[in-house]
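Trainee: Below are the C-alpha cells for one structure; questions will follow.
The values are calculated or read from the model by the stated rules, or taken from the named source; none is laboratory data. For clarity, every value in this text was computed on a predicted model and none was experimentally measured. Every residue, glycine among them, receives a Cβ derived from its backbone with ideal geometry; neighbour counts consider all protein chains shown. What goes into the accessible areas is simple: the full protein's heavy atoms, side chains included, and nothing from ligands, DNA or RNA. Shrake-Rupley method; radii C 1.70, N 1.55, O 1.52, S 1.80 Å.
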Amino acid sequence: MATYECSQCGMAVNATCAKCDAPLVNDTLKLEDGSEVQVSKCPNGHGMIKSPLCCGQDMTCTTN
C-alpha cells in the first residue's frame, strides 16, 4: 500500500478506492507541457486523484 507522508510535519495517510476498496497506487501523470504531476490511482481502473497535500506541498510516497 502506498503511504503518503508530509516531510514538514510528519502527517501520514493511506488511501483506498471507495468503489472497490483497493489501495491506491502512486503514479506520475505527464502533462502536455512536459511537466509531471504526482497522482494516486486505483489499480482497477476506477480513476485517479491528485496526490495528497500537506503544509502546502505534495506528500512524499513510500510503498509498504
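Trainee: For THR3, state whether it is in contact with an Asp or Glu (Cβ under 7 Å, 6 or more places away or on another chain), polar (S, T, N, Q) and in contact (Cβ under 8 Å) with a residue 40 or more places away in the chain.
Mentor: When the stated conditions are applied, THR3 does not pass them.
Trainee: While we're here: Being hydrophobic (A, V, I, L, M, F, W, C) and either farther than 17 Å from THR60 by Cβ or in a strand (DSSP E or B) (or both) is the filter here; which residues of segment 8-31 pass it?
Mentor: Within segment 8-31, ALA12, VAL13, CYS17, ALA18, CYS20, ALA22, VAL25, LEU29, LEU31 meet the criteria.
Trainee: Okay, next question. Could you look through segment 32-64, keep only residues that are open to solvent by less than 60 Å² (accessible area, probe 1.4 Å) and assigned to a strand (DSSP E or B), and pick out the one that is modelled with the highest pLDDT?
Mentor: In this case the residue turns out to be CYS54.
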